[in-house]
Amino acid sequence: MCGIIGIVGMAPVTARLVATLKRLEYRGYDSAGVAVVLPEGIERRRSVGKIVSLEDKLQEEPLIGFTGIGHTRWATHGEASERNAHPHTAEGVAIVHNGIIENYAELKTELRSQGYEFHTETDSETVAVLISTFLKQGDDPKVAVSKALKRFTGAYALSMIFEGYTDMMIGARQGSPLVIGVGKDEMFLGSDALAIAPFTNQVIYLEEGDWCILSRTGYEIFDMNDQPAERPVQTVETEDSVADKGNYPHFMLKEIFEQPKALTRTLKAYTHPARGTVSLPKSGEEELDFSTVSSLYLISCGTAHYATRVAEYWFEQLAGIPCKTDIASEFRYRRPALAPNSAAIFVSQSGETADTLAALRYCKEQGVKTIAIVNVPTSTIAREADIVLPTLAGPEIGVASTKAFTAQLLSLLASAIHAGHTRGVITEEAFADYNKSVFSIIDLVDETLDLDRQIYSVCELIAEADDVFYLGRGVHYPLALEGALKLKEISYIHAEGFGAGELKHGPIALITDKTPIVFIAPTDELFEKSLSNLQEVAARKGPVLLLSDRKGVDLAGNVPTASLEIPACNPIVAPFVYAVVLQLIAYHTAVMRGTDVDQPRNLAKSVTVE
Ligand code: F6R
């Protein structure tokens, strides 16, 4: 989603603002802009489309100021246009905003009735105009901001600069994250730690309702009641190589190939240091005790949701825990009745997804133990959950989630095996067996990545289609859903996933010789059933791309149009292998179609609005 950078600097800031906006491109955006305070007033440049058009503008009309703000906008209220791009200005102030001011319409009406004008369709402009009204009444920026913040409902991360104040920036957060970066004689504001990583590793995470005043040499933080607040300065480690594609043409491909490393790191965290068996990492003072859990809620969005749908099979089969998976945007408003002694797991790469966070807060209010599986340990979801189980995939820049997904699967599988063991559902022998399988995952993923060229060679079948169906059974049904999501989000080909057994209840009507079917059919207890479903498709001349470890599958004379021989493995770890194949299918197909793989249209990496 939108990205924010603010610098109160010792040297001209525009180049650094723009470089940061480029680093934030991964979050998804459709326009961008910067503004600086000059002794003669505030000036801004904005443009629609990629950052390079903003750079062109700055080339023609440079901006040289020591204090400035920058923003990448992902349109919510109002089309993607230069007029709607941030920063927004009103007399005396310029602001950038992430989130949604929910009461913007009534504020606009009120301010219009007082004679104030609006120049955009955005909710964000009301922030600038309202602050400006207080400045005009004679308030200084501190008082004006404090008064204005009390009028907003909804979510905001704000960075604001003021005419006549070349050594001041004010930030505020409610619902959307904002971090302060403490530099040497320079201060920063960023929508995440990654935004300010090249400038400083000393960061302060603002808490809900906090706001702050920065100067070059210091900062003050206030809580929602305007009382001075102390927040710890934390040292964050961010990988230097993060914004670097290395020798890969896209971040997505780099991240697909980083999976053995990401899984090795994650597995290490889920390995008992003395016993060398699967166990749970320690999370602060709290112990996660699955033996007393009566049922589990698994709540998340998008790809993370499909990880939980796979895990539902694991928790039920390995640990005997009744499970319910839900997409967070539905869960939060359904006001579900939660079972006594239940626990809820929230899975999120970013740890900032607005719906998942709201669902977590709902569960906490209901007294349910909350567990966060997150890739960003300093994220809001991690900070608010009772227990944190990390994934150690490293920063994921490609909008389509790949290495974070398999790391989530690993965290969930390790948790399910641990739960089964502590609940006495799996025998010692089975526990040893599962351990062996889990420790084989990294080699299996490596072996699967070696199939890259073969996978590429079958993608033409998919790239030429308008509609593609993914079929699977058991844990491979949610994987089919994930495979379809991956394909649609980066190639823009219409794709749907179905449980193969459900085919004859409707979807089979869609099968023609023009609709390729990606069929996931590893050798497992459902293989024979899958084969029957495959026959049904082949009999209707659907071109089949078969993904299986089984060789020479005979379909009563109908051979699959194409097949890939996938490494054989214990069914419990098969989702890791097939996930990689599905990611590479989506990737190569998208490249064949010439789409923007790393920043697909309309999508944002971190969905901080609902
Ligand atoms: C798809 C994708 C999204 C995210 C979803 C949740 O490739 O990345 O569907 O999985 O937006 O995001 P997080 O995991 O950050 O909560």
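Listing for the model above:
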read-out	value
Rounded if a/c under 1.5, otherwise prolate or oblate - the stretch 110-155, Cα gyration tensor axes	oblate
222 nm mean residue ellipticity, helices alone, for the chain (DSSP H n ≥ 4; -39,500 (n - 2.57); rounded to 500)	-11000 deg cm²/dmol
Local net charge near G78, Cβ-Cβ under 14 Å (Lys/Arg +1, Asp/Glu -1)	-2
Derived scalar couplings ³J(HN,Hα) [the stretch 456-465; Karplus, 6.51 cos²θ - 1.76 cosθ + 1.60; whole Hz; x for Gly, Pro]	4, 5, 9, 6, 4, 3, 7, 4, 8, 8
Amide proton proximity set for S563, modelled H, under 5 Å, gap of 5+	L546
Over the stretch 450-610: Kirkwood hydrodynamic radius from C-alpha pairwise inverse distances, Å	15.8 Å
The chain - convex hull of the alpha-carbon atoms, volume per residue in Å³	158 Å³
Length-normalised contact order of the chain in % [C-alpha pairs under 8 Å, at least 6 apart]	12 percent
Lysines whose Cα lies under 25 Å from that of K142, excluding same-chain neighbours fewer than 8 positions away	K108, K150, K184
Overall Cα dimensions of the stretch 416-526, principal axis frame, Å, largest first	50, 36, 24
Whole-Hz ³J(HN,Hα) from phi, Karplus 6.51 cos²θ - 1.76 cosθ + 1.60, for the stretch 4-10, glycine and proline x	10, 9, x, 10, 9, x, 9
Cα-based reach from K551 at 19 Å (exclusive), listing lysines while leaving out same-chain residues under 8 positions away	K529
Rounded Å value of the spacing that divides the Cα centres of the stretch 21-74 and the stretch 473-488	39 Å
Rounded if a/c under 1.5, otherwise prolate or oblate - the stretch 293-448, Cα gyration tensor axes	oblate
Antiparallel content of DSSP bridges confined to the chain, in %, to 5	65 percent
Amide proton proximity set for M187, modelled H, under 5 Å, gap of 5+	V8
Per residue value of the accessible surface for the chain (all protein chains in place, 1.4 Å probe), Å²	38 Å²
Antiparallel bridges, percent of DSSP beta bridges restricted to the stretch 244-439 (to nearest 5)	10 percent
Shape of the stretch 3-235, Cα gyration tensor, a/c cut at 1.5	rounded
Segments 471-479, 274-282, 535-543 sorted - mean Cβ within 10 Å per residue, highest first	471-479, 535-543, 274-282
Protection-proxy order for peptides 382-394, 208-220, each taking the mean of Cβ atoms within 10 Å per residue, highest first	382-394, 208-220
Positive minus negative residues near S379 (Lys, Arg vs Asp, Glu; Cβ under 10 Å)	-2
Estimated vicinal HN-Hα couplings, Hz - the stretch 497-510 in sequence order (Karplus 6.51, -1.76, 1.60; Gly, Pro = x)	x, 9, x, 4, x, 8, 3, 6, 8, x, x, 4, 4, 8
Percent RCO, i.e. relative contact order, over the stretch 3-235, from Cα pairs under 8 Å lying at least 6 residues apart	20 percent
Between the stretch 276-346 and the stretch 498-557, the alpha-carbon center distance in angstrom	31 Å
Sequence-distant lysines (8 or more away, or on other chains) whose Cα lies within less than 23 Å of K436	K261, K268, K282, K403
The stretch 252-350, Cα convex hull volume normalised per residue, Å³	143 Å³
Accessible-area composition of the chain, carbon plus sulfur, in percent [1.4 Å probe]	50 percent
Ordering of 573-583, 22-32 by packing [mean C-beta count within 10 Å, highest first]	573-583, 22-32
Length-normalised contact order of the stretch 244-439 in % [C-alpha pairs under 8 Å, at least 6 apart]	28 percent
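The values are calculated or read from the model by the stated rules, or taken from the named source; none is laboratory data. Since the model is a prediction, treat every value here as computed from it, not as a measurement. In this analysis, Cβ positions are derived from the backbone assuming ideal geometry, glycine residues included, and neighbour counts consider all displayed protein chains. Surface areas here come from the heavy atoms of the whole protein model, side chains and all, with no ligands, DNA or RNA. Shrake-Rupley method; radii C 1.70, N 1.55, O 1.52, S 1.80 Å.
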